[in-house]
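Okay, so here's the structure we're looking at.
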Amino acid sequence: MKTLIKVLIVVIGCASCQTKEQEEIASLLGAIFERDVVRGDSVYLIQDAVLDWEGYLEGSQCDFEWLEDFMGSNSFNKIEVSTIYTEKDVELICNEIGKTYKFLPTQLHPQISLVAKERIDKMIASLEENVKRGGPIYITEEMDKFRYYEKLSKPIFTKNYRYAIIYRQSVCFPILCVGPVLTIYEKIDGTWKPIAGQNFYLV
């Protein structure tokens, strides 16, 4: 009986943690896309979270020293990583980077639509194949619909949901137009605010 009670406590605790995480992801996404929503823009977000920060870590070891150096040379807000993260925090971040995740419609404002990664990949493959055959760069009606879309990593929270780190890439089909950027957010007075960020292309 005692064992059953312990199991139930663990299960309920895990469910509560998952609910909290989903709520914070929704809140963070609201902050990230706030300007787009205010402008009345329609936003397309790839449902599958970016893994391994799209290979920009290739050749580098993800650890405290790497993150400190990377964010220390940042382009819009400079911050000492040691003031917000411990080595254990960064170890957690590095371990979480490659884990799969799908964003949920319930986490998003109605102006933000989820798009399956496979759908975009298929369009890009079709375009590349046409170019290889010597054909023109022809943008179909479907491609034109997704001329601009967003890719995000799963946000990684630390310090009891005080800080979040997330990778973002804006794509002007079929090439990048903004980013990729790694941003650290802090929850201040109940709202997620960017406190540091770095563009991978500027390092």
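A few comments on the model shown:
- Within a straight-line Cα-Cα reach of under 20 Å, residue 102 can be paired with the following aspartates and glutamates, leaving aside sequence neighbours fewer than 8 residues apart in one chain: 21, 23, 24, 48, 52, 54, 118, 121, 150.
- Placed amide H near residue 47: partners under 5 Å, 5+ positions off or other chain: 115, 116, 117
- Modelled spin labels at residue 39 and residue 121, positioned 7 Å past Cα toward Cβ, are 3.0 nm from each other.
- Backbone phi angles across the stretch 19-36, fed through the Karplus curve with coefficients 6.51, -1.76 and 1.60 (θ = phi - 60°), yield HN-Hα couplings of 4, 4, 4, 4, 5, 5, 4, 4, 5, 5, 4, x, 5, 4, 9, 4, 4, 4 Hz in residue order; Gly and Pro are listed as x.
- Taking a straight Cα-Cα cut-off under 29 Å and skipping sequence neighbours fewer than 8 places away in the same chain, the lysines within cross-link reach of residue 132 are 117, 122, 145, 151.
- In sequence order, the stretch 92-107 has phi-based couplings of 4, 4, 5, 6, 8, 3, x, 7, 5, 7, 10, 5, 10, x, 5, 8 Hz under the Karplus curve 6.51 cos²θ - 1.76 cosθ + 1.60, θ = phi - 60°, and Gly or Pro positions carry x.
- Karplus (6.51, -1.76, 1.60) ³J(HN,Hα), θ = phi - 60°, over the stretch 46-55, in Hz, Gly and Pro reported as x: 5, 5, 7, 5, 4, 9, 6, 6, 6, x
- Spherically averaged projected area of the stretch 57-117 from its Cα convex hull (nm²): 6.4
- Per-residue Cβ neighbour rank within 10 angstrom, fewest leading, 35, 119: 35, 119
- Residues whose placed amide H lies under 5 Å from that of residue 195, excluding near-sequence neighbours: 184, 185, 186
Taken together, the values in this text are just the output of simple stated rules run on the coordinates, not laboratory data. Quick caveat, the model's predicted, so the values are computed rather than measured. Glycine gets a Cβ as well: all are built from the backbone with ideal geometry, and neighbour counts include every protein chain shown.
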